[in-house]
1. Looking at segment 48-71, which of its residues are within 16 Å of ligand 1 (Cβ to nearest atom) and of a type outside the set (F, W, Y)?
2. Considering only residues that are assigned to a helix (DSSP H, G or I) and free of Cβ contacts under 8 Å to residues at least 24 places away in the same chain, which ones fall in segment 45-78?
3. Here are some conditions: (1) more than 16 Å from ligand 2 (Cβ to nearest atom); (2) open to solvent by 20 Å² or more (accessible area, probe 1.4 Å). A34 meets all but one. Which one does it not meet?
4. Assuming L91 fulfils every condition listed in (1) more than 16 Å from ligand 1 (Cβ to nearest atom); (2) closer than 18 Å to N160 by Cβ; (3) open to solvent by 20 Å² or more (accessible area, probe 1.4 Å) apart from one, which condition is it?
5. Return the only residue of T18, T74, T45 being within 12 Å of ligand 1 (Cβ to nearest atom), of a type outside the set (G, A, S) and open to solvent by 20 Å² or more (accessible area, probe 1.4 Å).
Amino acid sequence: DGEIEFDNVNFSYDGRTTALHGVSFKVPKGSSVALVGESGSGKSTILRLLYRFYDLGEGEGRILIDGQDIRDVTQKSLRQAIGVVPQDSVLFNASIGYNIGYGKFGSSAEEIEAAARSAQMHERILSFSEGYETKVGERGVRLSGGEKQRVAIARTLLKNPPILLLDEATSALDTSTEKDIQKALQNLVRGRSSLSIAHRLSTIASADVILVLKDGQIVEAGSHKELVALD
Ligand code: ADP
Ligand code: ADP
(Lines give C-alpha, C1' and ligand atoms only; values in the text may rest on other atoms or scores of the structure.)
(Ligands and ions follow the chains in the order given, each with its own letter.)
Protein backbone atom coordinates (compact mmCIF):
# COMPACT_ATOMS: atom_id res chain seq x y z
CA ASP A 1 0.00 0.00 0.00
CA GLY A 2 0.93 3.63 -0.41
CA GLU A 3 -0.11 4.38 -3.98
CA ILE A 4 -1.33 7.94 -4.40
CA GLU A 5 -3.45 9.24 -7.26
CA PHE A 6 -4.71 12.75 -8.03
CA ASP A 7 -7.47 12.51 -10.59
CA ASN A 8 -8.33 15.78 -12.34
CA VAL A 9 -8.20 17.85 -9.15
CA ASN A 10 -9.43 21.44 -9.07
CA PHE A 11 -9.15 23.57 -5.96
CA SER A 12 -9.79 27.14 -4.92
CA TYR A 13 -9.31 28.56 -1.41
CA ASP A 14 -11.70 31.46 -1.88
CA GLY A 15 -14.07 30.24 -4.63
CA ARG A 16 -12.65 32.77 -7.11
CA THR A 17 -8.96 32.25 -7.69
CA THR A 18 -7.56 28.92 -8.83
CA ALA A 19 -4.98 27.17 -6.67
CA LEU A 20 -5.05 23.88 -8.65
CA HIS A 21 -6.51 23.23 -12.05
CA GLY A 22 -6.92 19.80 -13.67
CA VAL A 23 -4.09 18.22 -11.67
CA SER A 24 -3.64 14.49 -12.37
CA PHE A 25 -0.69 12.33 -11.41
CA LYS A 26 0.20 9.07 -9.72
CA VAL A 27 2.79 8.19 -7.12
CA PRO A 28 3.31 4.43 -7.51
CA LYS A 29 3.89 2.49 -4.30
CA GLY A 30 7.40 3.10 -2.97
CA SER A 31 8.36 5.79 -5.45
CA SER A 32 9.40 9.39 -4.91
CA VAL A 33 7.83 12.38 -6.60
CA ALA A 34 9.29 15.88 -6.36
CA LEU A 35 7.10 18.96 -6.77
CA VAL A 36 8.90 21.97 -8.17
CA GLY A 37 7.67 25.37 -9.25
CA GLU A 38 7.65 29.02 -8.30
CA SER A 39 6.16 30.24 -5.07
CA GLY A 40 2.36 30.20 -5.39
CA SER A 41 2.31 27.52 -8.09
CA GLY A 42 0.32 25.05 -5.95
CA LYS A 43 2.89 22.71 -4.37
CA SER A 44 1.75 23.11 -0.76
CA THR A 45 -1.89 22.90 -1.79
CA ILE A 46 -1.26 19.40 -3.17
CA LEU A 47 0.18 18.27 0.18
CA ARG A 48 -2.58 19.98 2.18
CA LEU A 49 -5.33 18.29 0.13
CA LEU A 50 -3.73 14.87 0.49
CA TYR A 51 -3.54 15.30 4.27
CA ARG A 52 -7.09 16.73 4.28
CA PHE A 53 -6.28 20.09 5.81
CA TYR A 54 -8.74 21.10 3.11
CA ASP A 55 -11.35 18.98 1.34
CA LEU A 56 -12.13 18.85 -2.34
CA GLY A 57 -15.56 20.04 -3.42
CA GLU A 58 -18.00 17.69 -5.14
CA GLY A 59 -17.16 17.32 -8.81
CA GLU A 60 -13.70 18.85 -8.32
CA GLY A 61 -11.86 15.59 -8.92
CA ARG A 62 -10.70 12.83 -6.65
CA ILE A 63 -7.70 11.98 -4.51
CA LEU A 64 -7.13 8.27 -4.01
CA ILE A 65 -4.86 6.23 -1.76
CA ASP A 66 -4.60 2.62 -2.86
CA GLY A 67 -7.64 3.18 -5.05
CA GLN A 68 -9.81 4.53 -2.23
CA ASP A 69 -11.17 8.09 -2.22
CA ILE A 70 -9.61 9.81 0.80
CA ARG A 71 -13.01 11.30 1.68
CA ASP A 72 -14.10 7.73 2.49
CA VAL A 73 -11.15 7.17 4.85
CA THR A 74 -11.33 8.22 8.51
CA GLN A 75 -9.03 11.07 9.54
CA LYS A 76 -7.41 8.69 11.98
CA SER A 77 -6.40 6.08 9.42
CA LEU A 78 -5.38 8.79 6.95
CA ARG A 79 -3.05 10.25 9.56
CA GLN A 80 -1.67 6.81 10.33
CA ALA A 81 -0.92 6.24 6.66
CA ILE A 82 0.76 9.60 6.10
CA GLY A 83 3.82 11.05 7.80
CA VAL A 84 4.56 14.75 7.45
CA VAL A 85 7.98 16.37 7.77
CA PRO A 86 7.22 20.08 7.61
CA GLN A 87 9.73 22.81 6.90
CA ASP A 88 9.51 24.19 10.38
CA SER A 89 7.73 22.28 13.13
CA VAL A 90 6.12 23.88 16.09
CA LEU A 91 7.32 21.97 19.15
CA PHE A 92 5.81 21.63 22.60
CA ASN A 93 7.57 23.26 25.49
CA ALA A 94 8.79 19.84 26.65
CA SER A 95 11.77 17.59 26.14
CA ILE A 96 12.88 16.41 22.74
CA GLY A 97 11.86 12.88 23.68
CA TYR A 98 8.36 14.05 24.48
CA ASN A 99 8.12 15.87 21.18
CA ILE A 100 9.17 12.73 19.32
CA GLY A 101 6.85 10.39 21.19
CA TYR A 102 3.67 12.35 21.96
CA GLY A 103 0.50 10.81 20.66
CA LYS A 104 2.27 7.51 20.19
CA PHE A 105 2.86 5.95 23.59
CA GLY A 106 1.35 6.06 27.05
CA SER A 107 0.00 9.18 28.62
CA SER A 108 2.52 10.57 31.07
CA ALA A 109 5.51 12.55 29.90
CA GLU A 110 7.78 9.92 31.47
CA GLU A 111 6.11 7.03 29.63
CA ILE A 112 6.24 8.84 26.32
CA GLU A 113 9.89 9.74 26.69
CA ALA A 114 10.93 6.30 27.87
CA ALA A 115 9.20 4.66 24.92
CA ALA A 116 10.73 7.07 22.43
CA ARG A 117 14.15 6.44 23.97
CA SER A 118 13.77 2.67 24.00
CA ALA A 119 12.76 2.72 20.37
CA GLN A 120 16.45 3.54 19.83
CA MET A 121 16.01 4.71 16.29
CA HIS A 122 16.77 8.24 17.36
CA GLU A 123 20.41 7.25 17.76
CA ARG A 124 20.76 7.23 14.00
CA ILE A 125 18.97 10.52 13.53
CA LEU A 126 19.63 12.74 16.46
CA SER A 127 22.92 14.17 17.43
CA PHE A 128 21.58 17.08 19.38
CA SER A 129 24.33 19.17 20.80
CA GLU A 130 22.41 19.65 24.04
CA GLY A 131 21.59 15.96 24.40
CA TYR A 132 18.41 14.00 24.29
CA GLU A 133 17.13 15.34 27.61
CA THR A 134 17.13 18.90 26.39
CA LYS A 135 13.99 20.83 27.12
CA VAL A 136 12.92 22.53 23.95
CA GLY A 137 11.55 25.59 25.65
CA GLU A 138 14.05 25.91 28.46
CA ARG A 139 15.53 29.32 28.75
CA GLY A 140 18.68 29.63 26.73
CA VAL A 141 18.05 26.41 24.84
CA ARG A 142 16.66 26.78 21.40
CA LEU A 143 16.65 24.21 18.67
CA SER A 144 17.87 25.24 15.28
CA GLY A 145 15.77 24.66 12.18
CA GLY A 146 17.88 21.61 11.43
CA GLU A 147 17.34 20.14 14.88
CA LYS A 148 13.61 20.70 14.61
CA GLN A 149 13.64 18.84 11.33
CA ARG A 150 15.45 15.97 13.02
CA VAL A 151 12.73 15.82 15.66
CA ALA A 152 10.11 15.67 12.91
CA ILE A 153 12.06 12.95 11.09
CA ALA A 154 12.46 10.85 14.23
CA ARG A 155 8.77 11.30 15.04
CA THR A 156 7.82 10.15 11.58
CA LEU A 157 10.17 7.15 11.71
CA LEU A 158 8.46 5.99 14.90
CA LYS A 159 5.10 6.28 13.19
CA ASN A 160 6.39 4.22 10.24
CA PRO A 161 3.84 5.38 7.65
CA PRO A 162 3.75 4.05 4.05
CA ILE A 163 3.39 7.61 2.71
CA LEU A 164 5.56 10.65 3.37
CA LEU A 165 4.95 14.31 2.70
CA LEU A 166 8.10 16.39 2.85
CA ASP A 167 8.48 20.12 2.79
CA GLU A 168 12.13 20.83 2.30
CA ALA A 169 13.59 23.73 4.21
CA THR A 170 14.65 26.66 2.11
CA SER A 171 16.49 28.27 4.98
CA ALA A 172 20.23 27.96 4.79
CA LEU A 173 21.38 25.18 7.09
CA ASP A 174 25.08 24.80 7.68
CA THR A 175 26.68 22.17 5.48
CA SER A 176 27.16 19.44 8.08
CA THR A 177 23.60 19.80 9.42
CA GLU A 178 22.32 19.74 5.88
CA LYS A 179 24.24 16.53 5.15
CA ASP A 180 22.96 14.89 8.36
CA ILE A 181 19.41 15.76 7.53
CA GLN A 182 19.74 14.62 3.94
CA LYS A 183 21.00 11.26 5.18
CA ALA A 184 18.16 10.95 7.68
CA LEU A 185 15.64 11.86 5.01
CA GLN A 186 17.07 9.29 2.59
CA ASN A 187 16.64 6.62 5.28
CA LEU A 188 13.11 7.79 5.88
CA VAL A 189 12.10 7.84 2.22
CA ARG A 190 13.48 4.42 1.35
CA GLY A 191 10.69 1.93 0.68
CA ARG A 192 7.91 4.49 1.11
CA SER A 193 5.87 6.55 -1.33
CA SER A 194 6.91 10.16 -1.02
CA LEU A 195 5.71 13.50 -2.27
CA SER A 196 8.18 16.32 -1.65
CA ILE A 197 8.22 20.04 -2.08
CA ALA A 198 11.77 20.02 -3.35
CA HIS A 199 14.27 22.84 -3.27
CA ARG A 200 17.59 21.04 -3.15
CA LEU A 201 18.99 19.97 -6.48
CA SER A 202 20.04 16.63 -4.99
CA THR A 203 16.45 15.86 -3.96
CA ILE A 204 15.13 16.83 -7.36
CA ALA A 205 17.73 14.77 -9.19
CA SER A 206 17.13 11.68 -7.05
CA ALA A 207 13.31 11.72 -7.37
CA ASP A 208 11.76 9.06 -9.59
CA VAL A 209 9.45 11.64 -11.13
CA ILE A 210 9.52 15.44 -11.11
CA LEU A 211 6.30 17.40 -11.53
CA VAL A 212 6.74 21.01 -12.58
CA LEU A 213 3.87 23.26 -11.50
CA LYS A 214 2.92 26.63 -12.88
CA ASP A 215 -0.18 28.59 -11.87
CA GLY A 216 -1.81 25.48 -10.39
CA GLN A 217 -1.20 23.22 -13.37
CA ILE A 218 1.34 20.52 -14.11
CA VAL A 219 3.32 21.84 -17.06
CA GLU A 220 6.07 19.21 -17.20
CA ALA A 221 6.43 15.71 -15.79
CA GLY A 222 9.21 13.21 -16.10
CA SER A 223 12.41 11.87 -14.67
CA HIS A 224 15.34 14.24 -14.15
CA LYS A 225 16.98 12.79 -17.25
CA GLU A 226 13.88 13.30 -19.38
CA LEU A 227 13.39 16.88 -18.24
CA VAL A 228 17.03 17.80 -18.80
CA ALA A 229 16.77 16.35 -22.31
CA LEU A 230 13.85 18.71 -23.00
CA ASP A 231 15.97 21.80 -22.37
P1 ADP B 1 3.35 26.94 -3.39
O2 ADP B 1 3.34 25.91 -2.31
O3 ADP B 1 3.78 26.39 -4.72
O4 ADP B 1 4.12 28.16 -3.02
P5 ADP B 1 0.53 27.24 -2.72
O6 ADP B 1 -0.03 25.89 -2.94
O7 ADP B 1 0.81 27.65 -1.33
O8 ADP B 1 1.83 27.43 -3.64
O9 ADP B 1 -0.44 28.32 -3.34
C10 ADP B 1 -1.19 28.15 -4.54
C11 ADP B 1 -2.13 29.34 -4.69
O12 ADP B 1 -3.09 29.32 -3.64
C13 ADP B 1 -1.45 30.68 -4.62
O14 ADP B 1 -2.11 31.54 -5.50
C15 ADP B 1 -1.66 31.12 -3.19
O16 ADP B 1 -1.69 32.51 -3.07
C17 ADP B 1 -3.02 30.51 -2.87
N18 ADP B 1 -3.12 30.14 -1.43
C19 ADP B 1 -2.30 29.32 -0.75
N20 ADP B 1 -2.70 29.17 0.52
C21 ADP B 1 -3.83 29.90 0.65
C22 ADP B 1 -4.75 30.14 1.71
N23 ADP B 1 -4.57 29.58 2.92
N24 ADP B 1 -5.79 30.98 1.47
C25 ADP B 1 -5.97 31.54 0.26
N26 ADP B 1 -5.16 31.35 -0.79
C27 ADP B 1 -4.10 30.55 -0.62
P1 ADP C 1 1.35 13.25 13.31
O2 ADP C 1 0.85 13.04 11.90
O3 ADP C 1 2.83 13.17 13.40
O4 ADP C 1 0.63 12.44 14.33
P5 ADP C 1 -0.12 15.74 13.17
O6 ADP C 1 -1.12 14.97 12.35
O7 ADP C 1 -0.63 16.52 14.30
O8 ADP C 1 1.03 14.77 13.69
O9 ADP C 1 0.67 16.75 12.21
C10 ADP C 1 1.60 16.31 11.29
C11 ADP C 1 2.54 17.45 10.99
O12 ADP C 1 1.90 18.42 10.15
C13 ADP C 1 2.99 18.15 12.25
O14 ADP C 1 4.40 18.17 12.27
C15 ADP C 1 2.43 19.56 12.14
O16 ADP C 1 3.39 20.53 12.55
C17 ADP C 1 2.17 19.71 10.65
N18 ADP C 1 1.02 20.57 10.41
C19 ADP C 1 -0.09 20.66 11.15
N20 ADP C 1 -0.94 21.55 10.64
C21 ADP C 1 -0.35 22.05 9.52
C22 ADP C 1 -0.72 23.02 8.51
N23 ADP C 1 -1.89 23.65 8.53
N24 ADP C 1 0.15 23.25 7.49
C25 ADP C 1 1.31 22.61 7.43
N26 ADP C 1 1.73 21.69 8.35
C27 ADP C 1 0.91 21.43 9.37
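The values are calculated or read from the model by the stated rules, or taken from the named source; none is laboratory data. All values derive from a computational prediction rather than experimental measurement. Every residue, glycine among them, receives a Cβ derived from its backbone with ideal geometry; neighbour counts consider all protein chains shown. For accessibility, only protein heavy atoms count, side chains too; no ligands or nucleic acids. Shrake-Rupley method; radii C 1.70, N 1.55, O 1.52, S 1.80 Å.
1. Within segment 48-71, R48, L49, L50, R52, D55, L56, G57, E60, G61, I63 qualify.
2. Of the residues in segment 45-78, the ones assigned to a helix (DSSP H, G or I) are 45-50, 70-72, 75-78.
Selection gives R48, I70, R71, D72, Q75, K76, S77.
3. (2)
4. Only one criterion in (1) more than 16 Å from ligand 1 (Cβ to nearest atom); (2) closer than 18 Å to N160 by Cβ; (3) open to solvent by 20 Å² or more (accessible area, probe 1.4 Å) is unmet by L91, namely (2).
5. Going through T18, T74, T45 in turn, the sole match is T18.
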